[in-house]
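J.: Sharing a structure here in structure tokens format.
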């Protein structure tokens, strides 16, 4: 982490970094599932209480004090992420694996309006970035991760391009805090957390812009889930519109999002087409479904009563 970012780390932040290091030294790994799967697994009687580190820091289960080593408990108290419940405690943050990265994010269930989300979408987003970077011929010099959350996208780019300047932009102060912490855990020094609404907080053009916006129509309008519009597509379209003017020559936007399919119509693609049709004819665009069916439980909600399915999609736009 760069010295000026190091100065922004609090005592609690340093404790979270040491806690992640301590858990890694004990072989900790955890792959985060969808909220629906998480609920089902935690509802099993044998999972009422945590029995190991993954139960505490991955599944967000209550635990008894005797379960954890004293050093882990001390760091949790120092980091202020331990909360009392009847008969024990819970961790107010989760720690998830993404390849070799360990990333702190909100505990389950993610009910707070400013919750920092991590889940299967994060894995698909990271895979899309990794696949793109493997095919890219020129090194990335300047990159931006819009709505960075945990910083997963920015960190994947920075790992592959250690000499690049990579911004992680978000309007959520808790997200920016966790980006700093997660970058420090990974010993990545070229990620720059920045308070930014879309791209407004960073005055530059980019070789690469990536985004994984919320894309659901969430009745509670939680910022990490609610994309706006009839089926959650509005924010992704706004990110497309904001990003196009900020691409350098040969620069690329990689937009991972979800699209509700209604009677065979891809609602995100349909909403994005006016912008795509306005691009210069020399620009290149590609669009694909990465996963044809995600968040199927949402189809039970009134906002999706007309939907066939929700697909995870990737839009790539390259300037020329």
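The values are calculated or read from the model by the stated rules, or taken from the named source; none is laboratory data. Being a predicted model, the structure only gives us computed values, none of them experimental. Virtual Cβ from ideal backbone geometry, glycine too; neighbours counted across all protein chains shown.
J.: Six or more apart or on different chains, Cβ under 7 Å: which pairs go from a residue in the stretch 237-252 that's in the same structural domain as residue 146 (by TED's automatic domain parsing) to one that's in a helix (DSSP H, G or I) and surrounded by fewer than 22 Cβ atoms within 10 Å (Cβ to Cβ)? Could you list them?
T.: So the pair list comes out as 237/271; 240/275; 241/275; 244/275.
J.: Could you list, ordered by first residue, the pairs with Cβ atoms under 6 Å in which the first is in the stretch 269-287 and under 20 Å from residue 258 (Cβ atoms) and the second is surrounded by fewer than 15 Cβ atoms within 10 Å (Cβ to Cβ), at least 6 apart or interchain?
T.: 275/241; 276/285
J.: Looking at 53, 68, which is the one that is under 25 Å from the mean Cα position of the chain (by Cα) and without any contact (Cβ under 8 Å) to a residue 60 or more places away in the chain?
T.: 53
J.: In the stretch 12-28, which residue that is touching a helix residue (DSSP H, G or I) at 6+ places or on another chain (Cβ under 8 Å) and in a loop (DSSP other than H, G, I, E, B) is farthest from residue 296 (Cα to Cα)?
T.: Among residues in the stretch 12-28 that are touching a helix residue (DSSP H, G or I) at 6+ places or on another chain (Cβ under 8 Å) and in a loop (DSSP other than H, G, I, E, B), the one farthest from residue 296 (Cα to Cα) is 26.
J.: If you don't mind, another one. Which of (1) within 13 Å of the chain's Cα centre (by Cα); (2) more than 20 Å from residue 12 (Cβ to Cβ); (3) surrounded by 20 or more Cβ atoms within 10 Å (Cβ to Cβ); (4) modelled with pLDDT of 95 or more does residue 123 not meet, given it meets every other one?
T.: Among (1) within 13 Å of the chain's Cα centre (by Cα); (2) more than 20 Å from residue 12 (Cβ to Cβ); (3) surrounded by 20 or more Cβ atoms within 10 Å (Cβ to Cβ); (4) modelled with pLDDT of 95 or more, the lone unmet condition for residue 123 is (3).
J.: Taking residue 41 as the residue in question, decide whether it is in contact with a strand residue (DSSP E or B) (Cβ under 7 Å, 6 or more places away or on another chain) and surrounded by fewer than 19 Cβ atoms within 10 Å (Cβ to Cβ).
T.: no
J.: State all residues of the stretch 132-149 that are under 13 Å from residue 255 (Cα atoms) and free of Cβ contacts under 8 Å to residues at least 60 places away in the same chain; if no residue qualifies, say none.
T.: 148
J.: Do any strands (runs of 3 or more DSSP E) lying entirely in the stretch 47-117 carry at least 3 residues that are surrounded by 20 or more Cβ atoms within 10 Å (Cβ to Cβ), at pLDDT 95 or above and on the phi < 0 side of the Ramachandran plot, and which ones are they?
T.: Of the strands (runs of 3 or more DSSP E) lying wholly inside the stretch 47-117, those with at least 3 residues that are surrounded by 20 or more Cβ atoms within 10 Å (Cβ to Cβ), at pLDDT 95 or above and on the phi < 0 side of the Ramachandran plot span 93-98, 101-106.
J.: So, in the stretch 127-173, exactly how many residues are surrounded by fewer than 21 Cβ atoms within 10 Å (Cβ to Cβ) and part of a helix (DSSP H, G or I)?
T.: 10
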